Each structure stands twice: as C-alpha cells, then as structure tokens.
Amino acid sequence: MKKSPLFFKVLHFVFRFKTIQVQAFVIGLFAVFSVSATIEISEALLLKIENKYGKEAPLRVKQWQLLMQTAKGLSDQEKLQKVNDFFNFRIKFVDDLRLWNVADYWATPLEFLARGQGDCEDYSIAKYFTLKELGVSEKKMRITYVKALKLNQAHMVLTYYSSPRDIPVVLDNLISEIKLATKRTDLMPVYSFNGMGLWIAKARGNGKRVGNANKLNLWEELTQRMLNNTF
C-alpha cells in the first residue's frame with residue numbers, strides 16, 4: 001500500500017487519542033461489529049458475480065466457502081496458515097487508486113474475492129473475518145497498521161495473540177511465512193483495532209487501548225457493506 005493521505009490522518013488520530021481517557025466497550029452497542037463473514041451464497045448470487053467479474057470469480061467464492069466449512073475443526077495455528085495461504089496465493093495485489101479510483105477503500109471479503117484483486121488492507125480484513133468465522137476468538141486478532149520500513153510506506157497486516165501477554169504472530173501478504181512480530185523488524189507498528197477496540201501500538205507487543213473501532217469510518221462503512229452483501 002502506498003503512503004496515502006489516510007496514513008497522515010492515522011498519525012494525527014493516534015496523537016489526538018493519547019490525550020483521551022480510555023472508555024469501556026459495551027457489548028452490543030454497535031451492532032455492525034458483530035458482522036460475520038458468513039453470507040448465503042445462492043446460485044443466483046454466484047451468477048451475478050460471474051456476470052460482473054467473469055467465470056473465475058464465483059470459483060474463488062466457492063473455494064472460500066469450502067474453506068470455512070472444512071477448517072473449523074483445526075487448531076488455531078492450522079487455521080492461521082490455511083487462511084493466510086488461501087488469500088496470499090489466490091489474490092493479486094493491486095492498489096486502491098488503480099482498482100477503486102480512490103486513495104483508500106476497504107473491501108469486504110466478498111468484494112475482494114469477486115474481483116480477485118486488492119491491497120494490503122483487503123488481505124488483512126478478509127483473513128480477519130474468515131478466521132473469526134472459523135471460530136478464532138476476535139479477542140486474539142487485530143488488524144494492525146504498520147510502516148513497512150524497507151518500502152518506506154504504510155502497510156496493514158493481521159496479528160494474532162495466543163494470549164494477551166504473548167508476542168503476536170503476523171499474517172502478511174508480503175510474505176507467506178507467519179512469523180513472530182519480534183522477527184518482523186521490517187515493520188514498525190502504529191495502531192491496531194478489531195471489532196472490540198482500538199489500540200496504540202507499543203513496540204511489537206500488546207499496546208494501549210484508546211477507544212472503540214467505530215472511530216474508524218472506513219471500518220464502519222466496510223461492516224455495513226458486509227451486512228448488505230455488497231460485491
């Protein structure tokens with residue numbers, strides 16, 4: 001992902017929130033955050049996807065549904081690897097300006113799979129919702145904004161915490177291997193979020209919670225499109 005105006009807004013957002021007292025998250029307050037990756041994939045929907053994006057598009061969606069049906073009994077570590085590989089090997093990286101004609105657009109998993117293209121945010125979001133559907137606790141996952149130091153640009157990854165005090169592992173579209181965050185010295189964390197909250201990054205560990213994810217308009221718009229089955 002190229003450095004965009006959103007990156008600088010994020011930095012402003014981070015520094016602004018450091019002065020705000022942490023507020024408790026009330027479960028169920030924002031219904032959109034309970035959105036699931038599961039949607040009813042009817043033949044009519046698959047036909048619409050094929051008509052809009054070509055014959056390969058519904059195949060990717062069917063493969064995604066099959067993954068969610070067959071991987072639920074696996075361990076978390078096995079789920080992480082399967083989901084990471086599924087998206088990294090099937091989807092082509094294309095930045096938002098080229099694909100959506102806007103600086104930043106967070107695609108739903110269905111939009112991502114139907115087009116077969118997307119940027120780092122789309123990979124991270126698709127992995128997050130797929131793993132959530134597979135039974136991985138939302139508390140263990142965060143979508144994390146980082147700076148990719150070698151590329152000198154903003155980037156997004158998915159991080160997974162075995163327990164709150166553990167160093168997370170990183171699921172990244174740049175590399176297929178899932179590594180501990182401490183091994184990813186090429187990434188500098190900025191902030192992270194999930195459907196339950198928002199955290200300022202602290203080195204490569206857990207970080208400090210500063211609010212709720214509804215502060216991120218792109219996240220709220222994304223979840224609303226998921227509820228509407230937009231593709």
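Read-outs throughout are calculated quantities, based only on the coordinates presented, and are distinct from any laboratory measurement. Note that the coordinates shown come from a computational prediction; the quantities given were computed from them, not determined experimentally. All Cβ positions, glycine included, derive from the backbone under ideal geometry; neighbour counts span all protein chains shown.
Pairs Lys92/Lys139; Lys48/Lys72; Lys55/Lys132; Lys92/Lys140; Lys92/Lys127; Lys62/Lys179: which are spaced more than 23 Å apart, C-alpha to C-alpha?
Details: Lys92/Lys139 29 Å; Lys48/Lys72 28 Å; Lys55/Lys132 28 Å; Lys92/Lys140 27 Å; Lys92/Lys127 15 Å; Lys62/Lys179 29 Å.
Beyond 23 Å: Lys92/Lys139; Lys48/Lys72; Lys55/Lys132; Lys92/Lys140; Lys62/Lys179.
Neighbouring Cβ atoms within 10 Å as the yardstick, rank Trp106, Trp100 fewest first.
Details: Trp106 25, Trp100 18.
Neighbour counts put them in this order, fewest first: Trp100, Trp106.
For a quick check: sort Lys79, Lys52, Lys147 by the number of other beta carbons within 10 angstrom, fewest at the front. Working shown, then result.
Details: Lys79 20, Lys52 11, Lys147 17.
Going from sparsest to densest Cβ surroundings: Lys52, Lys147, Lys79.
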Residue by residue through region 64-72, what is 3J(HN,Hα) from phi via Karplus (6.51 cos²θ - 1.76 cosθ + 1.60, θ = phi - 60°)? Round to whole Hz and write x for glycine and proline. 5, 4, 4, 4, 5, 7, 9, 9, 5
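Neighbouring Cβ atoms within 10 Å as the yardstick, rank Arg165, Arg90, Arg142 fewest first. Could the numbers behind the result be given before it?
On the way: Arg165 8, Arg90 15, Arg142 28.
Least to most surrounded, the residues fall as Arg165, Arg90, Arg142.
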